[in-house]
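Just so you know, all these numbers are worked out from the coordinates, no wet-lab data involved. Only a predicted model underlies this, so the values are computations on that prediction, with no experimental measurement involved. Methodologically, a virtual Cβ is constructed for each residue, glycine included, from the backbone with ideal geometry; neighbour enumeration extends over all protein chains shown.
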């Protein structure tokens, strides 16, 4: 079993065993939903219905119902699209990049983060589809592959266009994330299948678990595919938002045509994605009673990612301004002055304060570990990141041509569709939380022994270590005053089995080990133990007995 | 003939049990567990998967298909110059094809690998699960021994092995049938001698040899071996390589790649002070691998 440093905080609290992990995670699936779930669910469902209504109205009537006009041809929809794709970024980052870095804390949140990715990318995908206008003719873009080929000539898509790259990037990202997610889910669905009692439930989870068996070879393949898919998905994560940024950066419009767009968009996407994961996980741990698994430490780690990526975004904003001034290109300078001082100044202010200034509070450790502050900042960041996309798109649409100087005013349909996608997203997520294993069961079980609170502080002794004293010539260390069965187990963990070994060790090493096990061991003082052990080793029992009577709990007076 | 299963409640205990079974000459057919147990495939003698190679081949085909398709569309089937880009030449037009070529490579590699994974594991919607007991997806670990492959052993001997290695429940069953529980208290004492212990008793730690002189052993592994009570060349030469393997696998996945098969032989040379011979051997065997 992989050993983890004692000074690392446990990732699983509440003295869990393998069985308890299963119990806790499958509880929402078998149990009844509580009041809060129903309230949030009904609210999201109502908003979702409104959104679907607005989408239907758009498709039935045409894009004219949106606030677009002859000078602003691309506004609300692309803002929402980029926002949702950005949110969808954290899931695969958590599951793939953090897997390659062997970050154990990812295991409590990766399943839900991936679910979030998939739902967010679905929401993103709605916007280009709607913007097509006559969606029933969507297959025309696939014409060269279809039966219509010769009706319209040999018409192919343009492989030089970033918009087409985007189609490939997002669909690859979506499908690979889906496969990655589902492969991880199969063994956990099997756990639910083997627990289900109601025939219908058992049937459904048997189908979902695809006959997973969990033998050696299956697990070997599982580990291999997880690793390789993580390796493949990692560059994918970075490519997707780089390509999204090229939708803008390859155009020759001042304010868009900059080389820092790809890294800046990737950092922004990770930033907003982690903020959304933070919002969802803070809610989920409360509603689903998962505080033992999604701990303050997890939120702290996510806040660190947020503050780092937020600072990267801040640096990007500032370097854009610097370059606009330093380049001496008056159109570039105008574009950025127009952002800050033009008619969209309020959006710029939102973007700057929410994205650059607000996360800086996470440099304070207390704030990083406060759940309320985390929740507020996560919402603020999501608002800020929406405004970032709005600023980039809208202020640049008002470019150097006076004919383009028109404002964009969203209609109720625009707002309805945007709010509606949030409703659909939350509806899907809440349904997921009640039917899927929200934590990666099989992965959590692999870190229980190295990162579980009870294993780390020694209240549960590894059965293999516990059985070691049966081996030849190990001594009964509990004969030393100050050593009980638990500490004896700890010493065995350090590789100390005999009086002889104990007599040779510097007590500071034992002290360090004890201190790392939590406050209840800190009062133990091992200073006399080597000397006691020396007497025991030399069979001077009378002398030892006498000395122990003088000692108070093994401590020298 | 029905297969015999022993249920265990800990991953390390079942690994040790599998090792003791293998050391006693039994063939362990499989182990069913709720999560991956690192290193058990080496103990039981199951080869590592070649799925990664297959992903590479799928990825390479994706790359070739992607680039040649774009080249065919833009340069051959319907040549067009868009924005002055040199679509007529594959090499000069290549930079614009790189994003899609990359995405298509990942697409093919990931999905090709996933499909192979599902076929090799025989998992698809509606497939029948083959785990012997529903608890093996929760908190139990089942070791499977098939009497057909263990003709030299009686059923009682197999049951005995399960019992001495810590199984809390022993049963026999065929796939899809009800299990027959084997009475734990009613079997004869047998001749199976499970291999003694995985970790030799700790002896005098003051005399230590520099085990790093063995090719394949670095300072980290030396510490592991010291921790397990192997301090001298003599002790190492007397250890079984399978015992060393257990020590290594217990220390975590990054030690899994080390193959200790040659270490006892090397240690024997070192113990007998045959350094020239050892050096010669080490020059011939890169990384100490046989």
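In deg cm²/dmol and to the nearest 500, what is the mean residue ellipticity at 222 nm of chain A if only DSSP H runs of at least 4 residues count, each as -39500 (n - 2.57), divided by the residue total?
Working: 24 runs with 356 residues, N = 557.
The helix contribution divided over chain A gives -21000 deg cm²/dmol.
Ellipsoid semi-axes for chain B, based on the Cα gyration tensor and the rule √(5λ), read 48, 33, 14 Å when sorted largest first.
Mean partner shielding of peptide A:68-76, defined as the number of other chain Cβ atoms within 10 Å of each residue Cβ, is 0. Annotation: peptides A:345-353, A:93-101, ranked by per-residue average of other Cβ atoms within 10 Å with the highest first, follow the order A:93-101, A:345-353.
Over chain A, what is the relative contact order in whole percent, taking alpha-carbon pairs under 8 Å and six or more residues apart?
25 percent
The GNM of chain B, with springs linking C-alpha atoms under 10 angstrom apart, assigns the highest mean-square fluctuation among B:216, B:93, B:25 to B:93. Across B:87, B:174, B:156, mean-square fluctuation computed from a Gaussian network of chain B (C-alpha pairs under 10 Å connected) peaks at B:87.
Can you give the angle from 0 to 90° between the axis of helix A:371-397 and the longest principal axis of chain A, with both taken from C-alpha atoms, to the nearest 10? Computed tilt is about 30 degrees. Distance between Cα centroids, segment A:268-346 to segment A:35-49: provide it in whole Å. Each part reduced to its Cα centre gives a spacing of 28 Å. With contacts taken as Cα pairs under 8 Å at a separation of at least 6 residues, segment B:1-150 carries a relative contact order of 49 percent. Look at the stretch B:258-264: the mean tally of other chain Cβ atoms within 10 Å of its residues' Cβ atoms is 0.
Compute the angle between helix A:76-87 and the longest alpha-carbon principal axis of chain A, please, reported from 0 to 90 degrees and rounded to the nearest 10. Around 20 degrees separate the two axes. Nearest 10 degrees, 0 to 90: what angle lies between the long axis of helix A:162-195 and the longest principal axis of chain A (Cα atoms)? That helix lies at roughly 40 degrees to the long axis.
Where q = 0.05, 0.08 Å⁻¹, what log10 of I(q)/I(0) comes from the Debye formula for the protein assembly as shown, counting one point per Cα? Taken in order of the listed q values, log10 I(q)/I(0) reads -0.36, -0.86. Just so you know, the Rg over Rh for segment B:1-56 is 1.03, from Cα atoms, with Rh as the Kirkwood radius. Sequence-distant contacts, meaning Cα pairs under 8 Å at least 6 residues apart, place the relative contact order of segment B:211-288 at 36 percent.
Neighbouring Cβ atoms from other chains, within 10 Å of the Cβ of residues in A:159-172, number 5 on average.
For the pair segment B:65-135 / segment A:396-418, the C-alpha centres are spaced 38 Å from each other. With the helix formula -39500 (n - 2.57) applied to DSSP H stretches of n ≥ 4, chain B reaches a computed 222 nm mean residue ellipticity of -13500 deg cm²/dmol.
Take B:157-163, B:223-229 and order them by the average number of nearby Cβ atoms within 10 Å per residue, most first; the result is B:157-163, B:223-229.
Rank by packing, highest mean first: peptides A:182-191, A:368-377, with packing defined as the count of other Cβ atoms within 10 Å averaged across residues.
On the way: A:182-191: 23.8, A:368-377: 17.6.
Top of the packing list down: A:182-191, A:368-377.
Were the residues from residue A:39 through residue A:369 laid out at 0.36 nm apart, the gain over their Cα-Cα distance would be 116.0 nm. Could you tell me which of rounded, prolate or oblate describes segment A:189-331, using a ≥ b ≥ c as the square roots of the eigenvalues of the alpha-carbon gyration tensor, with rounded for a/c under 1.5 and, failing that, prolate when a/b is larger than b/c and oblate otherwise? Prolate shape, in that a/c is at least 1.5 and a/b is the bigger ratio.
Using R₀ = 41 Å, calculate the FRET efficiency as 1/(1 + (r/R₀)^6) where r is the Cβ-Cβ separation of residue B:180 and residue A:383; round to 0.05. Result of the calculation: an efficiency of 0.05.
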